[in-house]
1. Which of the following residues is in a loop (DSSP other than H, G, I, E, B) and within 16 Å of ligand 2 (Cβ to nearest atom): 208, 258?
2. Tell me which of these residue 105 doesn't satisfy, since it passes every other one: (1) surrounded by 14 or more Cβ atoms within 10 Å (Cβ to Cβ); (2) closer than 25 Å to residue 234 by Cα; (3) at pLDDT 90 or above.
3. Which residue pairs have Cβ atoms closer than 8 Å, lie 6 or more positions apart in sequence or on different chains, and pair a first residue in the range 150-163 that is of a type outside the set (Gly, Ala, Ser) and modelled with pLDDT of 85 or more with a second residue that is in a helix (DSSP H, G or I) and crowded, with 20+ Cβ neighbours inside 10 Å?
4. Among the residues of the range 136-179 satisfying the criterion of being more than 14 Å from ligand 2 (Cβ to nearest atom) and touching an Asp or Glu at 6+ places or on another chain (Cβ under 9 Å), which is nearest to residue 225 (Cα to Cα)?
5. Would you confirm whether any residue within the range 161-171 is within 16 Å of ligand 3 (Cβ to nearest atom) and within 18 Å of residue 119 (Cβ to Cβ)?
6. State which residue is nearest to ligand 2 (Cβ to nearest atom) when the search covers only the range 50-72 and only residues that are free of Cβ contacts under 8 Å to residues at least 60 places away in the same chain and closer than 26 Å to residue 140 by Cα.
7. Go over the candidates 217, 231, 173 one by one and state the one that is assigned to a helix (DSSP H, G or I) and either modelled with pLDDT of 90 or more or among the aromatic types (Phe, Trp, Tyr) (or both).
Amino acid sequence: AKGDGRRTYRFFEAGMDQRAKTRRSLELELRQAISDGSLEAYYQPVVNIEDGKISSCEALLRWRHPERGMISPAEFIPIAEDSGLIDQLGLWVLNAACAEAVTWPDHVRVAVNVSPMQFRSQSLALNVAAALAACGLPASRLELEITEAVLIRDDEAALDMLHQLRKLGVRIALDDFGTGYSSLSYLLRFPFDKIKIDRSFIRDIAGPGASSSIVQAVVNIAAASDMTTTAEGVETEQQRNLLYILGCTEMQGYLFSPAIPAAEVRRLLLSHRAR
Ligand code: C2E
Ligand code: CA
Ligand code: CA
Ligand code: CA
């Protein structure tokens, strides 16, 4: 039994080692990818639940790795955060998204994800202002998505940054709402423009659990505070209909469209306008 234990331990160790190696090489390759064009921003439309019109598109990073194929941002964003590459990556996507949005109809906004670490950098507001100026995008057409994790640490600095960004005229959305710890209290502390209700609630919304009551509560709080609500991960007509009845403002999900390349979004927006 003792021998088995040791064998298991060694196996485990080897596994750890392999994972650490993979991570290190991904980090080096990510550094490369930022400059060589294998990173690409895709865009996922967000539509008004009532009339199906596209109100904004969210930039979502894609990494076409030469050997590993498409790597999910869920895999490489954490690596970028740990290695400090996130600032560069964040700047890249911010500038790419603003430049892309300039080619869209005026009423369509672009949403960009801002990671907690980026948010802690003092230069975020400056970088945002520079990105807008560089391509001539009005601040009102940019929406920044932040998660509750931003507000957990260093409350004062985070609130100050939120106010600086708001003063620029960009909109602020609270992303993945409901997945954090004390979500409701954050809503009282800062007036977000939009709450994005996490996919986990939408997935279960037609089920017997409390999801639909929670969505209802969030929609009510949002309406009382002049915020809009976006349901994430809407995949079925049934979910859409329920969300409509609950009074949710917008939806995003495979029912309407997954994230698609910039050229396809441009085509979609043109045909959408012509409808
Ligand atoms: P997120 O911000 O919550 O983005 C929504 C994720 O849900 C996206 O995954 C999107 O493709 C996926 N999704 C949308 N509709 C549906 C649906 O109907 N069903 C299902 N099952 N999934 C749906 P993606 O693109 O893999 O991104 C994962 C996460 O990576 C994002 O979650 C975001 O946290 C992060 N991320 C992506 N791009 C960036 C970026 O440029 N900067 C930062 N900081 N994070 C990013
Ligand atoms: Ca997001
Ligand atoms: Ca989200
Ligand atoms: Ca999410």
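The values are calculated or read from the model by the stated rules, or taken from the named source; none is laboratory data. Since we're looking at a predicted model, the values are computed, not measured. Every residue, glycine as well, gets a Cβ built from its backbone with ideal geometry; the counts of neighbours run over all protein chains shown.
1. Testing whether each residue is in a loop (DSSP other than H, G, I, E, B) and within 16 Å of ligand 2 (Cβ to nearest atom) leaves just 258.
2. Single failed check for residue 105: (1).
3. Short answer, once both residue conditions are applied: 159/151; 161/119; 161/124.
4. The extreme case among them is 166.
5. Yes, there is a match, as at least one residue in the range 161-171 is within 16 Å of ligand 3 (Cβ to nearest atom) and within 18 Å of residue 119 (Cβ to Cβ).
6. That would be 59.
7. On inspection, the qualifying residue turns out to be 217.
For (1) within 15 Å of ligand 2 (Cβ to nearest atom); (2) crowded, with 21+ Cβ neighbours inside 10 Å; (3) more than 20 Å from residue 266 (Cα to Cα), each residue gets a yes or a no:
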position	(1), (2), (3)
74	yes, no, yes
83	no, no, yes
95	no, no, no
114	yes, yes, yes
123	no, no, yes
128	no, yes, yes
